[in-house]
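Asker: Once you've had a glance at the structure underneath, I'll fire off some questions.
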Amino acid sequence: DYFRWIYEDLRPWRETGITEDMVERAKRTANFKLVILNGKAYVERYQKAFQTRDVFTLWGFLQLLRKYPGRVPDLELMFDCVDWPVLQLKYFRGHNAPAPQI
């Protein structure tokens with residue numbers, strides 16, 4: 001069930017939301033931005049991703065759009081396909097931990 005994991009991944013920002021400023025600050029380490037608007041995917045590439053991580057990430061979203069037409073919400077996501085640590089997890093653990101500010 002894809003949607004369960006989408007909600008779980010976004011849980012840290014449930015109370016505060018994700019601001020446009022947060023998305024823009026993520027651009028410094030992102031390989032690309034994916035925007036889904038009205039069931040269509042739009043991609044803005046910033047730098048080449050490691051091997052084909054970007055291709056398979058995008059392919060997964062295209063499969064979601066094809067399998068669940070009209071059910072994938074509008075969204076804007078930044079992807080860092082290098083997997084370098086950006087946040088120190090020790091500051092964001094526990095039930096009352098703050099949402100990460102990227």
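The values are calculated or read from the model by the stated rules, or taken from the named source; none is laboratory data. Note that this is a predicted model, so its numbers are computed, not measured. All Cβ positions, glycine included, derive from the backbone under ideal geometry; neighbour counts span all protein chains shown.
Asker: Which residues, taken from the stretch 14-34, are surrounded by 14 or more Cβ atoms within 10 Å (Cβ to Cβ) and either more than 12 Å from the chain's Cα centre (by Cα) or closer than 15 Å to residue 64 by Cβ (or both)?
Answerer: Matches in the stretch 14-34: 25, 29, 34.
Asker: Of everything in the stretch 74-92, what is more than 18 Å from residue 30 (Cα to Cα) and modelled with pLDDT of 90 or more? Give them in sequence order.
Answerer: Correct list: 74 only.
Asker: Considering the stretch 1-13 alone, what residues qualify as being more than 13 Å from the chain's Cα centre (by Cα) and either surrounded by 13 or more Cβ atoms within 10 Å (Cβ to Cβ) or in a helix (DSSP H, G or I) (or both)?
Answerer: The answer is 2, 3, 4.
Asker: Then there's this: It is to be established whether one or more residues within the stretch 63-81 are touching a Phe, Trp or Tyr at 6+ places or on another chain (Cβ under 7 Å), of a type outside the set (Ser, Thr, Tyr) and part of a loop (DSSP other than H, G, I, E, B).
Answerer: So far as the stretch 63-81 goes, yes, one or more of its residues are touching a Phe, Trp or Tyr at 6+ places or on another chain (Cβ under 7 Å), of a type outside the set (Ser, Thr, Tyr) and part of a loop (DSSP other than H, G, I, E, B).
Asker: I'm told residue 70 meets every condition in (1) surrounded by 11 or more Cβ atoms within 10 Å (Cβ to Cβ); (2) modelled with pLDDT of 90 or more except one. Can you identify the failing condition by its number?
Answerer: Condition not satisfied by residue 70: (1).
Asker: Go through (1) of a type outside the set (S, T, N, Q); (2) at pLDDT 90 or above; (3) assigned to a loop (DSSP other than H, G, I, E, B) and name the single condition residue 50 misses.
Answerer: Going through the list (1) of a type outside the set (S, T, N, Q); (2) at pLDDT 90 or above; (3) assigned to a loop (DSSP other than H, G, I, E, B), residue 50 breaks only (2).
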